[in-house]
Amino acid sequence: MKSITKAQIDNLIKLQKIEMQVGRINSILNDLPERLGTLDTRLKAFESTIKEKEADACELKQNYRSKESDLQMNMTRIEKSQENLRAVKTNKEYRLLLKEIETIKRRNSQIEDEILQFLDRMDEEEKNISARTAEYLQIKEQITAEKDEIKQEAELEKKKLVAFDEELNTIYAKIDAGLLKKYNLIRDRVAGAAVEPAKHGVCQGCHMNIPSQMYSKLQASKGLMLCPHCQRIIYWEEEEKVKEEE
């Protein structure tokens, strides 16, 4: 294996940590449109429910006005029929007019009941719309605050990216080109950490036991070593350091 210094391993570890941070930030930024879109969809759905309630209230008012118009029209018919009573010449005509007046009055009584029902329903709908509107304004304020918070978070993450990019360029310059190429190949293959410590004879990448002879060489060697199971770059982490971390 090619000779590798502890400093090179340390640089690889640092590189890996920064790349993982960059990946996390890019994931946050990539999810940003969806997160904002979800909030907008939630608000629009609430707006739709209010519009539906307003449409129902409008229909109730139209029906109410129609019933009022019917009631007024029937009152006019009654007045006209009562005037005609004074002009009739036979009992038959008189009885027919009286019957017509009574029929119209019964219908008016039904209409008045319906009007009262419409008034009750209109009042209920107005209260419902008022409550939903107040709730909507509260939710809108919350969502606006959430969106502002998300955008502020994104701006902070973007600033971190700029700092990380500068740090990455510095680290790239310190790592041997061949070693960096191998690291990139392993990282892409495992789709995750390419460098892992070996603790107590176990690779922390795949959690498989490393053969004892190989582990002994890893403790003594400065060469590049790969886990025989997952093919990640491994390095020995001193037991004292492990105990401190645990």
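The values are calculated or read from the model by the stated rules, or taken from the named source; none is laboratory data. Keep in mind the model is a prediction, meaning the values are calculated, not measured. FYI the Cβ positions are ideal-geometry reconstructions off the backbone, even for glycines, and counts take in every protein chain you see.
Couple of notes before you dig in:
- Considering residues of segment 166-180 that are over 11 Å from residue 15 (Cα atoms) and of a type in the set (Asp, Glu) only, the residue nearest to the chain's Cα centre (by Cα): 166
- Screening 126, 102, 83 for residues that are in the same structural domain as residue 57 (by TED's automatic domain parsing) and surrounded by 13 or more Cβ atoms within 10 Å (Cβ to Cβ) leaves exactly one candidate, 126.
- Just one of the numbered conditions (1) outside any helix (DSSP H, G or I); (2) more than 30 Å from residue 229 (Cβ to Cβ) is not true of residue 196: (2).
- Screening segment 181-207 for residues that are under 39 Å from the mean Cα position of the chain (by Cα) and free of Cβ contacts under 8 Å to residues at least 24 places away in the same chain and picking the one that is farthest from residue 22 (Cα to Cα) gives 207.
- Scoring residue 145 on the criteria (1) loosely packed, with under 13 Cβ neighbours inside 10 Å; (2) farther than 30 Å from residue 43 by Cα leaves a single failure, condition (2).
- Any chance residue 214 is surrounded by 13 or more Cβ atoms within 10 Å (Cβ to Cβ), assigned by TED's automatic domain parsing to the domain that holds residue 55 and either closer than 30 Å to residue 62 by Cα or not hydroxyl-bearing (Ser, Thr, Tyr) (or both): no
- Any hit, segment 80-90, residues being of a type in the set (Val, Ile, Thr), farther than 30 Å from residue 123 by Cα, out of contact with any Gly (no Cβ under 6 Å at 6 or more places or on another chain) and not in a helix (DSSP H, G or I): yes
- Counting only residues that are small (Gly, Ala, Ser) and closer than 17 Å to residue 32 by Cβ, segment 127-166 holds 2 of them.
- Residue match in segment 170-179 (condition: part of a strand (DSSP E or B) and either surrounded by 17 or more Cβ atoms within 10 Å (Cβ to Cβ) or polar (S, T, N, Q) (or both)): no
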